[in-house]
Amino acid sequence: MPNQPKPADAPHFVYLASQSPRRRELLDQLGVAHRLLLPDDAQAAEALEDVAPDDTPASYVIRVTLAKGFAARARRQASGLPVAPILAADTTVTLDDAILGKPADAAQATQMLTSLSGRTHRVLTGVAVFDGKSAIGPLTGSFTGRATGAVTGVVTRVATGTVSERGTHAADGTAASDPLALARAAQHAFDEGLGRAASGAAALQPPGIGWQGPALRLALSVSTVRVRVLTAEDIARYVASGEPFGKAGAYGIQGRGAEFIAELHGSYSGVMGLPLFETAAALRQSGLSF
Ligand SMILES: Cc1cn([C@H]2C[C@H](O)[C@@H](COP(=O)(O)OP(=O)(O)OP(=O)(O)O)O2)c(=O)[nH]c1=O
């Protein structure tokens, strides 16, 4: 079959709003052309990852993903860079509903690995693709996903929210230009749409949930990972290798950490930081050709 001609204005690259080298590698694997769109202020970027007291792992990862995306979108607009889709992601490890982020030091890495030893945990990766051109209107769209508890099987629901750039305020009354405020308002809209029962990590099953609206597509990939029993020597050796740093849960499935992974249900690329099945679908739906 002859190749379909591409529309002249079809974007041919995506802005990657992530400094993670794994995410770059994974986009290369798909053959997706990308340009980095990184924050100037690393501290302000880290602040987007703060955990709020009422966070569930799923609501946390969704909010952080969106906050990274909204911040990148504002950066693109402010710097006058060409229009193209923007991709943001966040990976969080969760054990017994506790959120394990990136270890700050060797002691914390040791503690995280000790807690994961001999147990099954979940890895949640949120992916947001902003199409780059449409304004974010009131958030409406449909969810598909799989969850247990009050919601079972495949759910399709409509989320309605009040996040709008045309209004001056987000749902909680804060200025809509603040990425975190926008992300919080959007997170509430998603929580509502999916049903509160499904937003706890315990209720979410692989492969996770997806949400699709006109200007923004969101996926949450959920994987369950079983780690073999780790000895103190295993942990000390691994921490000394330096691999745990910069990685949620203090391990890398794609590195030496593979030695510890007894079982995985879900998405290997999702555990690594960017679930490729969901990412590719969201990029194509946003009009990107690759
Ligand atoms: C569990 C696991 C996580 N990780 C990594 C993926 C992510 O880079 C990191 C989680 O941190 P994130 O905050 O998701 O990402 P980041 O800080 O690396 O980059 P940015 O915030 O700029 O987007 O953990 C692995 O590389 N392998 C693994 O097996």
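Table: residues versus (1) touching a residue at least 24 places away in the same chain (Cβ under 8 Å); (2) in a strand (DSSP E or B); (3) of a type outside the set (Val, Ile, Thr); (4) within 25 Å of VAL93 (Cβ to Cβ).
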residue: PRO39; (1), (2), (3), (4): yes, no, yes, yes
residue: ASP55; (1), (2), (3), (4): yes, no, yes, yes
residue: THR65; (1), (2), (3), (4): yes, no, no, yes
residue: GLN77; (1), (2), (3), (4): no, no, yes, no
Q | Positions within the range 225-273 being more than 10 Å from the ligand (Cβ to nearest atom), in a loop (DSSP other than H, G, I, E, B) and either modelled with pLDDT under 95 or crowded, with 21+ Cβ neighbours inside 10 Å (or both), in sequence order | A | GLY266, SER267
Q. Taking the range 15-37 as the search range and keeping residues that are assigned to a strand (DSSP E or B) and within 12 Å of the ligand (Cβ to nearest atom), which one is farthest from GLY208 (Cα to Cα)?
A. LEU36
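Farther than 16 Å from VAL14 by Cβ and either more than 14 Å from the ligand (Cβ to nearest atom) or of a type in the set (S, T, N, Q) (or both): does that describe ASP50? Show your work before the answer.
Values: farther than 16 Å from VAL14 by Cβ: yes; either more than 14 Å from the ligand (Cβ to nearest atom) or of a type in the set (S, T, N, Q) (or both): no.
Here the answer is no, as ASP50 does not meet what is asked.
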(Q) Cβ-Cβ distance below 8 Å, separation of 6 or more or different chains: which pairs start in the range 227-256 with a residue that is at positive phi and end on one that is more than 9 Å from the ligand (Cβ to nearest atom) and part of a loop (DSSP other than H, G, I, E, B)? (A) ALA250/PRO103; ALA250/PRO244
Q | Condition broken by ASP90, with the remaining ones in (1) more than 10 Å from the ligand (Cβ to nearest atom); (2) at pLDDT 95 or above satisfied | A | (1)
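Out of everything in the range 58-74 that is away from the ligand (no atom under 13 Å from the Cβ) and buried (at least 18 other Cβ atoms within 10 Å of the Cβ), what residue ends up being nearest to ILE209 (Cα to Cα)?
Narrowing the range 58-74 to residues away from the ligand (no atom under 13 Å from the Cβ): 58-59, 70, 73-74.
Add one more test, that the residue is buried (at least 18 other Cβ atoms within 10 Å of the Cβ), and what stays is 58-59, 70, 73.
Values: ALA58: 10, SER59: 12, PHE70: 20, ARG73: 23 Å.
Here the residue is ALA58.
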Q. Of the residues that sit in the range 274-290 and are modelled with pLDDT under 95 and among the small types (Gly, Ala, Ser), which one is farthest from the chain's Cα centre (by Cα)?
A. SER289
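The values are calculated or read from the model by the stated rules, or taken from the named source; none is laboratory data. Here the structure is a predicted model, which means the values were calculated and not measured. When we count neighbours, we look across all protein chains shown, and the Cβ atoms used for this are built from the backbone with ideal geometry, even at glycine.
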